[in-house]
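Below is one structure, written out as structure tokens, with a few remarks after it.
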Amino acid sequence: MSEVRRRQPTKMVPAPSQGIIPERDLYSAPVLETRHLGIEFGGLKAVEDFNLIIGKTEIAGLIGPNGAGKTTVFNLLTKVYQPTMGTVLLNGRDTAGMNTVQANKLGIARTFQNIRLFGNMTVEDNVRIGLHNQVKYGMFTGIFRLPGYWKQEKAQHEKALELLSIFDMQDMAGYQAGSLPYGAQRRLEIVRALATNPSLLLLDEPAAGMNPHETEELMNNIIRIRDRFQIAIMLIEHDMNLVMGICEGICVLNYGRIIAKGTADEIQNNPVVIEAYLGKKKEG
Amino acid sequence: MVAFLRFLINGISLGSVYAIIALGYTMVYGIAKMLNFAHGDVIMVGAYIAFCAMAYLSLPPLVAVLLAMVVCTALGVVIEGLAYRPLRQAASLAVLITAIGVSYFLQNAALLIWGSNPKIFDSVFSVGTIRLFEGELTITSETILTIAANIVIMIALTLFTGQTKLGKAMRAVSEDKGAAELMGINVNRTISLTFAIGSALAAIAGVLLCSAYPTLMPTTGSMPGIKAFTAAVFGGIGSIPGAMIGGILLGVIEILGKAYISTELGDALVFAVLIIVLLFKPAGLLGKPVREKV
Amino acid sequence: MKLKKSTVNALISYGIVIVAFIVCQYLIASKAMPRTLKGQMIPICVYIVMAVSLNLVVGISGELSLGHAGFMSIGAFTGAIASTWLLNALGLESALARLIISIVAGGVMAGVFGVLIGIPVLRLRGDYLAIVTLAFGEIIRNVVNCLYFSVDGMRLNISFNNPNLAGTIIVNGPAGTKGIKAISTFPVGFALIIFTLFVVLNLVNSRSGRAIMATRDNRIAAEAMGINVTKYKMMAFVTSAVLAGMAGALYGLNFSTFTAAKFKFDTSILVLVFVVLGGIGNIWGSIIAAALLTILPELLRAFADYRMLIYAIVLILVMLATNNPMLRSVFDRLLRVFRRRSPGAEMKGGAAQ
């Protein structure tokens with residue numbers, strides 16, 4: 001894994017409805033568009049007036065101080081929470097009234113801040129769960145081992161190993177997922193999410209708990225995943241090296257509201273952002 | 001109309017017994033997050049102790065009740081210490097099965113000690129009866145005492161958990177064991193205390209139950225135990241007023257259902273109402289819904 | 001060749017059952033088996049099927065069900081009615097054919113109730129789900145206690161709370177079934193166990209089974225992966241109900257008369273004890289636990305009145321020994337010594353005993 005980390009800035013161009021997307025994505029519809037998205041918990045507005053547009057192959061960053069509402073945004077996009085206002089358009093389709101399962105089938109997959117693997121199952125089986133909706137045999141074929149079972153199980157096995165090989169994890173396929181080291185668990189969560197064949201991948205603090213070397217590798221891998229699968233990736237991360245290194249469009253959240261949007265350079269020099277972080281940004 | 005009133009009062013009386021038992025379930029669940037299936041059998045032990053004290057030792061009823069409370073309190077603490085405490089970190093299912101084991105143990109120990117023939121329990125309180133509507137509506141002293149005991153216990157427990165230091169410790173432990181421990185609360189002692197209170201209440205409930213329904217057998221406690229547990233869930237498990245409301249409602253539904261719908265289906269009706277309530281209020285009548293953190 | 005852990009576990013499960021069956025058949029044929037034990041053979045088969053099917057809900061799907069005996073009850077009564085009707089109305093003489101059709105009917109009926117009960121029940125979680133399954137078990141018992149069935153020629157009469165039916169009464173309210181021909185046989189019981197194992201083990205190792213286990217391990221993540229949690233919880237619940245219904249039919253047809261009181265809450269609990277002692281999610285553990293604990297009260301007959309007390313104490317001690325961290329570590333060390341001697345005998349993790 002000795003790739004050169006892609007540091008060269010992408011040209012970002014304004015899209016309709018005030019967003020910016022990478023120039024290369026101008027020829028396709030944006031993968032995600034939110035309009036005035038918000039949610040209230042018992043009178044408290046956790047997220048408010050969240051407007052964002054993400055290009056088809058963009059790597060977007062969502063940053064902000066602790067408690068700013070970043071994970072809540074992910075929960076709104078994946079329909080874990082139903083928004084109390086606003087619209088989410090995924091691949092141009094309104095997701096109003098959908099549940100998490102339907103949102104996933106429409107092309108949105110995610111990882112979790114506090115890892116949520118299927119801990120008692122093997123690494124391969126975790127990936128196979130991601131492949132669930134691409135395999136089509138039913139309960140009776142499974143129980144009575146009809147020919148469809150063998151054919152599709154084999155295809156699923158090969159596909160799972162292929163996906164695991166992105167992170168060089170194919171040798172761990174038989175291990176119990178819960179017994180993996182922390183960093184490997186985070187990587188497995190990404191593979192599992194990818195297996196659902198998403199057009200938008202949401203990563204919630206993918207580098208948390210990783211050492212600088214692992215983070216470096218992760219950055220390369222995120223770019224590789226984007227290039228290989230031609231999907232958009234949105235990530236929440238506190239590691240500014242990672243965010244500024246790979247994110248093309250960055251969105252800064254504070255107290256549930258967007259306080260800045262732009263490219264890495266714009267965000268780094270934005271006085272409002274600096275104030276919100278109280279100089280924290282200099283680490284990056 | 002008078003008949004309805006009679007059923008209603010009987011229902012409240014039976015419900016009060018359920019409520020007192022349900023308090024034991026709800027407190028233990030709130031604090032130890034376990035379904036203590038042996039609770040119903042502690043009721044039975046309490047009733048047997050009171051029975052023996054009165055029938056063989058000829059003690060006055062009040063002393064008999066106090067003796068039953070003391071024995072049950074000790075029993076509750078011993079059960080908790082020997083069977084449940086070692087499993088504090090274990091899976092909840094393991095604790096549940098252990099509780100079932102304790103329940104079998106108590107029932108079979110009672111069978112060996114007192115035999116399988118039902119004992120006829122003499123009412124503890126024979127003060128007399130109140131006659132209303134020219135004698136058409138009679139309210140026995142057991143009924144009045146049961147309802148009164150229920151109200152007193154309810155007020156005492158509310159004051160205890162709300163006002164005293166120990167009560168606050170109990171609430172803290174039920175919210176978060178780890179945090180409570182860090183605040184210097186002795187978690188094990190608090191849980192023992194909860195079992196002690198719950199078991200003492202079970203003894204009272206046992207005496208009241210057998211005063212109203214005087215056949216006493218080793219299995220006497222299991223069905224009221226299950227119904228009281230249902231009552232606790234019905235009202236919102238973990239909530240003291242919930243147990244009270246759930247218990248009384250359940251008693252009223254059971255008696256009215258048996259009177260007006262079908263004697264055989266009284267129990268089925270109780271459980272059907274529970275299911276309907278849970279479908280619309282998944283955490284029970286007064287329970288707080290928990291939002292899962294993602 | 002290295003076999004997958006799940007394959008090893010499946011082979012152990014089938015192996016235990018087949019070997020046990022052959023040994024038992026030999027003992028029966030050579031008249032070496034005590035009469036009391038011989039009478040236990042069919043109940044043992046019934047409880048093994050009950051335990052394995054409950055393990056599908058408790059161990060694989062991760063939901064606590066306290067009403068499993070309710071499905072057994074539905075299966076038992078359906079089976080008894082079906083077999084009598086087949087004999088009286090259709091004149092089906094072959095006991096084996098009647099038994100098999102009755103078992104299937106028992107399974108189907110229990111499955112129908114599984115769906116009806118599952119729809120409301122599976123919306124709830126954790127202990128609430130447990131209490132509602134308990135409630136359903138009690139409701140089934142109460143309602144069955146009020147039912148009367150009779151066969152009158154080809155007609156099957158049913159009434160609620162009214163014993164005056166035309167024809168021969170076969171289900172007599174609280175008095176239970178009446179005049180049923182006991183046609184259950186040990187080989188059919190063995191076949192039912194094999195069928196149960198086939199269904200459960202194959203289900204677990206399929207796309208559906210993995211989805212069921214994913215909902216158990218992490219519901220939120222499973223939903224985020226596009227898995228319809230309710231559908232798969234339902235699949236496990238209904239499959240389990242069908243198998244319990246089949247076991248119930250086998251059980252019912254082992255007696256000429258039985259009552260609904262046989263399937264009360266205690267029976268559900270008994271089966272749950274088998275599952276937990278055998279190891280949650282461990283199928284062959286359930287088989288051994290169900291078989292041993294069904295015979296145990298018979299073995300303890302020497303202790304006469306004390307046997308149930310001893311049973312209770314054994315139960316508590318086993319739970320403490322296997323779940324207390326301190327005792328557990330001692331136990332694990334012993335197990336490791338044992339494992340070193342026989343490298344093939346690796347157990348499934350979790351709560352395996």
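Points to keep in mind about this one:
- Inter-label distance, residue A:26 to residue A:161: 4.5 nm, where each label sits 7 Å from its Cα along the C-beta direction.
- Charge-dipole axis of the stretch B:206-294 as Lys and Arg at +1 and Asp and Glu at -1 on Cβ define it, positive-most pick from B:279, B:251, B:210: B:279
- Taking the Cα centre of the protein assembly as shown as origin and assigning +1 to Lys and Arg Cβ atoms and -1 to Asp and Glu Cβ atoms, the resulting dipole is close to 1480 debye.
- Computed [θ] at 222 nm, helices only, for chain A once each DSSP H run of length n ≥ 4 contributes -39500 (n - 2.57): -10000 deg cm²/dmol
- Cβ-Cβ FRET estimate between residue C:8 and residue C:230, R0 fixed at 30 Å, reported to 0.05: 0.40
- For the stretch A:108-180 versus the stretch C:177-253, the inter-centroid distance based on Cα atoms is 23 Å.
- Our analysis of chain C gives Rg over Rh at 0.98, with the two radii drawn from alpha carbon positions and Rh computed by the Kirkwood formula.
- For the stretch A:134-243, applying the loop criterion from DSSP together with a ceiling of 15 other beta carbons within 10 Å to the chymotrypsin sites (Phe, Trp or Tyr not before Pro) yields A:144, A:175.
- The lysine pair count for the stretch B:13-221, using Cα distances under 21 Å and pairs eight or more places apart or on different chains, is 4.
- Straight-distance candidates among the aspartates and glutamates for linking to residue C:178, with alpha-carbon spacing under 18 Å and chain neighbours fewer than 8 residues away dropped: C:152.
- Fewest-first ranking of B:141, A:28, using other Cβ atoms within 10 Å as the exposure measure: A:28, B:141
- Treating r as the C-beta distance of residue A:257 and residue A:227 and R0 as 22 Å, the FRET efficiency rounds to 0.10.
- Note on C:322, A:196, C:7: ascending count of other Cβ atoms within 10 Å places them as C:7, C:322, A:196, the fewest first.
- Exposed trypsin sites (Lys or Arg not before Pro) absent - longest run of chain B, DSSP non-H/G/I/E/B, at most 10 other C-beta within 10 Å: B:1-290
- Across the stretch A:35-46, coupling constants 3J(HN,Hα) worked out from phi with the 6.51/-1.76/1.60 Karplus curve, θ = phi - 60°, read 10, 6, 5, x, 8, 10, 10, x, x, 8, 7, 6 Hz, and Gly and Pro carry x.
- When only alpha carbons are used to place a centre, the stretch B:252-266 and the stretch A:185-245 end up 62 Å from one another.
- Residues whose amide H falls under 5 Å from that of residue C:258, counting only those 5 or more places apart or on a different chain, are C:177, with hydrogens built in the peptide plane.
- Helix runs (DSSP H) in chain B reaching 18 Å along axis by Cα, Kyte-Doolittle at least 0.5: B:2-32, B:39-55, B:61-79, B:92-114, B:141-163, B:187-212, B:222-235, B:240-260, B:266-280
- Placed amide H near residue B:137: partners under 5 Å, 5+ positions off or other chain: B:132
- Residues with amide H under 5 Å from that of residue A:112, placed H, sequence gap 5 or more: A:204
- Sum of side-chain charges, residue C:44 neighbourhood, beta-carbon under 12 Å (Lys, Arg +1; Asp, Glu -1): 0
- Proxy reagent accessibility, fewest Cβ within 10 Å first, across A:166, C:139: A:166, C:139
- Across all Cα atoms of the stretch A:12-80, the radius of gyration (one decimal) and Dmax (whole number) stand at 13.3, 42 Å.
- Restricted to Cα atoms, the stretch B:13-221 shows a radius of gyration and a Dmax of 18.1, 63 angstrom.
- The alpha-carbon atoms of the protein assembly as shown, seen along their principal axes, cover 92, 71, 59 angstrom, with the largest extent given first.
- The stretch C:15-261 - percent relative contact order, Cα under 8 Å, separation 6 or more: 35
- The lysines whose alpha-carbon is closer than 22 Å to the alpha-carbon of residue A:70, local same-chain residues fewer than 8 away aside, are A:45, A:56, A:79, A:261, A:280, A:281, A:282, B:293.
- Restricting the chymotrypsin sites (Phe, Trp or Tyr not before Pro) of the stretch B:41-84 to loop positions (DSSP other than H, G, I, E, B) with no more than 13 neighbouring Cβ atoms within 10 Å leaves B:56.
- Cβ charges +1 (Lys, Arg) and -1 (Asp, Glu), total dipole of chain C, debye: 940
- For the stretch C:7-108, the set of trypsin sites (Lys or Arg not before Pro) satisfying both a DSSP loop assignment and a count of at most 10 other C-beta atoms within 10 Å is given as C:31.
- Here the spin labels are modelled as points 7 Å beyond Cα on the Cα-Cβ line, and at residue C:115 and residue B:138 they lie 5.4 nm apart.
- The Cα center of the stretch C:83-148 and the Cα center of the stretch B:1-50 differ in position by 31 Å.
Every read-out reported here was derived from the displayed coordinates using simple, explicitly stated rules and does not represent laboratory data. All values derive from a computational prediction rather than experimental measurement. Positions of Cβ are backbone-derived with ideal geometry, glycine not excepted, and every protein chain shown enters the neighbour counts.
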